[in-house]
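Enquirer: Let me begin by handing over the structure; questions about it come next.
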Amino acid sequence: MTLVKFNQQPKTLTGLMDDIFNGKFINRDFVPAEFFGAHAPVNIRETKDAYLLDVSAPGFDKADFKINLDGQTLTISTEKKSEEKVENEKQIRREFTYRSFSRSFTLDESVDAEKINAKYDNGVLKVTLPKKEAKQDTVKEITVA
């Protein structure tokens, strides 16, 4: 048996708190993204005809999303404010919730900006970025006169 020594300093309170909030002790899958200050996770796939973005954004309506294309920058954002209020009673408690995120992507020249479309289904925003048709140089034979 070999004894291995570690020269590691004991954790300070701030070091321990950093470990807790950086996911070493908390499984991020079960904690809301707002707790960590993160934004909506995105899966990006490429097919021969398009790029496909799947944005995980449960709890929103399709009217909550704003998708803008400014030059070569595609920005997907959403903002949802909701208020729970009981009328006809003395107000004891009132809860406000506010959720939002914004993601930006730089597109390359192969994306056809005129044909970009989006669909929101079961908590996933699916954005399709079609590729431009590849222009092939036509072979032209020139006869010598």
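The values are calculated or read from the model by the stated rules, or taken from the named source; none is laboratory data. What you see is a predicted model, and the numbers here were worked out from it, not measured in a lab. Reconstructed Cβ throughout: ideal geometry from the backbone, glycine too, with neighbour counts over all protein chains shown.
Enquirer: Quick check, is Thr138 of a type in the set (Ser, Thr, Tyr), within 30 Å of Glu46 (Cβ to Cβ), in a loop (DSSP other than H, G, I, E, B) and at pLDDT below 90? Don't jump to the end; show me each part of the working.
Expert: Working: of a type in the set (Ser, Thr, Tyr): yes; within 30 Å of Glu46 (Cβ to Cβ): yes; in a loop (DSSP other than H, G, I, E, B): yes; at pLDDT below 90: yes.
Against the criterion (of a type in the set (Ser, Thr, Tyr), within 30 Å of Glu46 (Cβ to Cβ), in a loop (DSSP other than H, G, I, E, B) and at pLDDT below 90), Thr138 qualifies.
Here is a yes/no grid of residues against (1) surrounded by 12 or more Cβ atoms within 10 Å (Cβ to Cβ); (2) at pLDDT below 90; (3) over 20 Å from Pro41 (Cβ atoms):
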{"site": "Leu52", "(1), (2), (3)": "yes, no, no"}
{"site": "Val55", "(1), (2), (3)": "yes, no, no"}
{"site": "Ala63", "(1), (2), (3)": "no, yes, yes"}
{"site": "Thr73", "(1), (2), (3)": "no, no, no"}
{"site": "Thr78", "(1), (2), (3)": "yes, yes, no"}
{"site": "Ser102", "(1), (2), (3)": "yes, yes, no"}
{"site": "Val111", "(1), (2), (3)": "yes, no, yes"}
{"site": "Val124", "(1), (2), (3)": "yes, no, no"}
